[in-house]
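The values are calculated or read from the model by the stated rules, or taken from the named source; none is laboratory data. Bear in mind that the values here come from a model prediction, so they are computed numbers and not experimental data. Quick reminder, even Gly has a Cβ in these numbers, built from the backbone with ideal geometry, and neighbours come from all protein chains shown. All accessible areas refer to the heavy atoms of the entire protein, side chains included, with ligands and DNA or RNA removed. Shrake-Rupley method; radii C 1.70, N 1.55, O 1.52, S 1.80 Å.
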Amino acid sequence: MHPVNWLIVGLYVAYVLVDGIRRARGTKEIEGYFLAGRTLPWWAVGLSVMATQLSAVTMIGTTGQGATDGLRFVQFYFGLPLAMVILGVTIVPLLRGAGVYTAYEYLERRFDARTRTLTAFLFLLSRGMSCGVIVAAPAVVFSALFGWPLAWCVTLIGVPAVAYTMLGGIRAVTWTDVKQMILIVVALVAVVAVLLVKMPVSPDDALRIAGATGRLKVFDFSFEINETYTFWSGLIGGTFLMLSYFGTDQSQVQRYLAAKSVGAARTSLLMSAYWKIPLQALVLLVGVMVFAYYQFRPAPLLYNPAHESAVAEARGAEYADLQSRYGEAFELREGAARRAAGLATMDGEASGGDGAAAAPGAPAPGRVPGATAAAARGAAPSPDAASVQDAVRQAALDEFLSREAAVQDIRAEALAMAEEVTGEPSRDVNYIIPRFVLGELPIGLAGLFIAAVIAAAMSSISSELNSLSTASVIDFYRRRFRPGATDAHYLTVSKVATAFWGVFACTVAVYAVGLGSLIEVVNRFGSFFYGSILGVFLLAMVPRARGVGAFVGLIVGMGAVAAVSFGAPDVSFLWHNVIGAAVVLGVGLALGRWSGSDDVAPDM
């Protein structure tokens with residue numbers, strides 16, 4: 001990478017560390033360290049919440065998802081606005097009024113200590129694993145760009161984030177998030193600008209090509225529980241997921257507990273409700289545009305450089321033959337894409353001047369009787385000519401889809417070969433954007449994008465680590481081991497806890513890369529736990545619910561989700577949130593009625 005790009009990245013990382021140290025001054029009490037003295041303005045909290053969500057997983061995994069699967073992933077967030085409104089009138093005032101440090105602290109007051117302990121433990125487990133996936137995303141970038149071992153890249157990303165989180169607490173995390181959010185949006189807009197400038201076709205034609213492959217399809221109204229990205233799974237399952245994430249996950253709850261007031265907390269959540277879907281659509285559109293770009297520019301046969309090198313070394317002749325076939329198939333697809341985009345000239349392209357053959361039986365582009373003559377005279381085509389033009393355009397699109405399918409078949413062969421050689425899952429969706437950054441972005445912008453990926457990673461990692469540390473100290477250490485220690489002692493323990501969870505996340509990160517699209521992996525981890533935890537908080541709002549019902553319901557809910565997850569793997573993970581919440585609520589209410597109003601579960 002060019003020294004200018006390195007300079008941009010280095011300056012940014014240094015700035016984050018210095019700013020974290022500066023904001024750590026004067027933080028001597030746990031309320032200041034964990035909740036910033038409950039003084040943060042709504043707009044800072046709102047940007048911090050969005051920055052936490054817009055992690056490096058989004059910058060890499062979601063853009064890769066857009067390139068391979070299109071815009072339909074945005075349906076995942078259709079439940080977000082509804083969830084934010086519900087939380088604003090229920091859990092937000094409930095937890096703010098309780099004056100707690102963690103969401104799980106409230107559960108002991110409402111139910112009992114064992115419900116609090118189990119819920120907090122499940123949070124630590126799920127969020128610790130998810131944090132590992134977040135660390136993995138930028139590590140993929142460095143591994144792909146520079147050929148460094150993945151473990152080194154994980155360390156490079158994790159250590160700075162752990163350092164400034166340990167030093168500054170939630171105040172440093174939040175204000176750094178604000179700056180990082182701005183950098184992320186600037187980087188995304190810059191990538192879009194580069195794509196528009198370097199695209200050899202107009203934006204309209206590029207979108208027509210992407211649309212022909214179904215990548216611009218947003219809505220899917222089918223009701224299939226084995227489909228993750230449909231309108232109904234996003235609206236119903238997504239609502240439960242967002243209620244769980246923003247209402248019960250300490251990484252998000254801690255944000256609005258640190259706000260100045262209930263009104264500020266509500267406004268910060270509504271900020272996400274208004275802006276998250278458009279921003280997510282922009283991220284996906286970047287991936288779609290990268291897909292369209294690579295229809296006209298040579299793309300790697302394997303996006304993962306490590307797998308590419310391993311296959312070339314182990315099965316050189318076979319892989320060389322595959323690359324040759326890929327090159328020929330790419331040229332044919334490029335010609336078909338240009339014709340489908342309407343770039344063919346009247347003579348050169350019609351005769352296959354770009355090396356591509358016309359679809360069998362299709363009229364040669366540029367030789368449409370009547371239509372071209374009318375266009376040459378400046379007159380509007382006749383209805384018959386318009387019909388012929390539509391037929392030619394459809395034939396060109398059909399040819400393009402045929403050529404695209406041939407290219408994807410060859411890529412599938414290459415991926416299978418890589419899996420045989422390396423013994424690892426060969427899913428390179430997470431490497432598409434890194435390779436684009438390496439090969440196509442100009443000097444300076446490549447550094448800006450990498451700095452934005454680091455910014456996204458750090459904002460999310462720091463938020464996760466801070467919440468993990470808070471729950472560890474408040475829900476376990478202070479509650480069970482040293483309830484009467486000084487704030488200075490708890491601050492020291494919290495920093496040790498931050499370091500521990502940083503090491504845990506880095507360990508998970510090394511193994512997370514091969515699990516597929518990172519944006520899906522992080523949501524699969526969360527969905528395994530979130531629904532059941534949400535069910536406990538829903539029970540807390542039912543007056544006749546009791547501790548035994550909440551505790552047993554949580555165990556049964558987790559068992560039900562595990563049974564569906566492993567016994568019916570075709571069921572989309574979004575529905576796990578609905579299943580977990582419904583089972584916990586049902587079991588908890590049934591046991592609450594059976595146990596009577598005087599039941600209080602014993603302390604653990």
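Could you please state how large a percent of the accessible area of the range 196-324 is carbon and sulfur, counting protein chains only and using a 1.4 Å probe? Please report the intermediate quantities before stating the final value.
Working: 3060 of 4850 Å².
Of the solvent-accessible surface of the range 196-324, carbon and sulfur hold 63 percent.
Per residue, how much accessible area does the range 425-500 show when a 1.4 Å probe rolls over the protein heavy atoms, in square angstrom? Spell out each step's value before the answer.
Numbers: 2360 Å² over 76 residues.
Accessible area per residue, the range 425-500: 31 Å².
Projecting each Cα onto the charge dipole of the range 283-329 (Lys/Arg +1, Asp/Glu -1 at the beta carbon, about the Cα centre), which of P300, A317, V283 comes out farthest on the positive side?
Farthest towards the positive end: V283.
So if R0 is 22 Å, what FRET efficiency would D204 and M1 give, r being the distance between their Cβ atoms, rounded to the nearest 0.05? Don't skip to the answer; put the middle values down first.
Numbers: r = 34 Å, r/R0 = 1.53.
According to the calculation, E is roughly 0.05.
May I ask you to list the lysines whose Cα is less than 19 Å away from that of K495, ignoring any residue fewer than eight positions away on the same chain?
K28
In whole Hz, what ³J(HN,Hα) sequence does the range 321-335 give by Karplus (6.51, -1.76, 1.60; θ = phi - 60°), x for Gly and Pro?
Couplings: 5, 5, 5, 5, 4, 5, x, 5, 5, 5, 4, 5, 5, 4, x Hz.
Among [x] 1.05; [y] 1.11; [z] 1.03, which one is Rg/Rh (Cα atoms, Kirkwood Rh) computed from these coordinates?
[z]
Starting from the Cα of T422, step 7 Å toward the Cβ, then list every residue of the range 116-151 with an amide N under 19 Å from that point.
Within reach of a label on T422, which here means backbone N under 19 Å from a point 7 Å along Cα→Cβ, the range 116-151 contributes 133-151.
Cα centroid distance between the range 224-276 and the range 163-204, in Å?
21
Where a ≥ b ≥ c are the square roots of the eigenvalues of the C-alpha gyration tensor, would you call the range 408-520 rounded, which needs a/c under 1.5, or, failing that, prolate if a/b is larger than b/c, or oblate? Provide the component values of the computation, followed by the final result.
Working: a/c = 4.52, a/b = 2.04, b/c = 2.21.
It comes out oblate by the Cα gyration axes.
Nearest 0.05, what FRET efficiency do F500 and A391 give at R0 = 56 Å with Cβ-Cβ as r?
Details: r = 66 Å, r/R0 = 1.17.
With a Förster radius of 56 Å, E is 0.30.
Given 0.36 nm per residue, what is the gain on full extension from A98 to F121 after removing their alpha carbon distance, in nm?
On the way: separation 23, 0.36 × 23 = 8.28 nm, distance 2.09 nm.
Stretched out fully, the A98 to F121 stretch lengthens by 6.2 nm.
Report the label-to-label distance for A412 and V542 in nanometres (one decimal), using points 7 Å from each Cα along the Cα→Cβ vector.
4.7
What is the magnitude of the charge dipole of the chain about its Cα centre, with +1 placed on the Cβ of each Lys and Arg, -1 on the Cβ of each Asp and Glu, and no other charges, expressed in debye to the nearest 20? Before the final figure, lay out the partial values.
Values: 44 positive and 44 negative charges, 521 e Å.
Dipole magnitude for the chain comes out near 2500 debye.
Run down the lysines and flag those whose C-alpha is under 25 Å from the C-alpha of K217, throwing out any fewer than 8 positions away in its chain.
K198, K276
What is the angle, in °, between the Cα long axis of helix 445-471 and the longest principal axis of the Cα atoms in the chain? Nearest 10 is fine, range 0 to 90.
Helix 445-471 sits at roughly 20 degrees to that axis.
Please calculate how many Å² of accessible area the range 96-243 carries per residue, with a 1.4 Å probe and no DNA, RNA or ligand atoms counted. Walk me through the intermediate numbers first.
Numbers: 4940 Å² over 148 residues.
Heavy-atom accessible area per residue stands at 33 Å².
Tell me the carbon and sulfur percent of the accessible area for the range 521-562, rounded to whole percent, probe radius 1.4 Å.
Working: 880 of 1150 Å².
Solvent-exposed carbon and sulfur of the range 521-562 make up 76 percent of the total.
What is the calculated FRET efficiency for A312 to A405, with r their C-beta to C-beta distance and R₀ = 22 Å, to the nearest 0.05?
Values: r = 25 Å, r/R0 = 1.15.
It comes to 0.30.
With unit charges on the beta carbon (Lys/Arg positive, Asp/Glu negative), name the residue among M166, F449, V185 whose Cα is farthest towards the positive pole of the charge dipole of the chain.
Working it through, the farthest residue towards the positive pole turns out to be M166.
List, in order, the whole-Hz ³J(HN,Hα) value for each residue of the range 217-230 obtained from phi through the Karplus relation with A = 6.51, B = -1.76, C = 1.60 and θ = phi - 60°; use x for Gly and Pro.
Residue by residue, the range 217-230 yields 6, 9, 9, 10, 8, 5, 10, 10, 6, 8, 9, 7, 9, 10 Hz.
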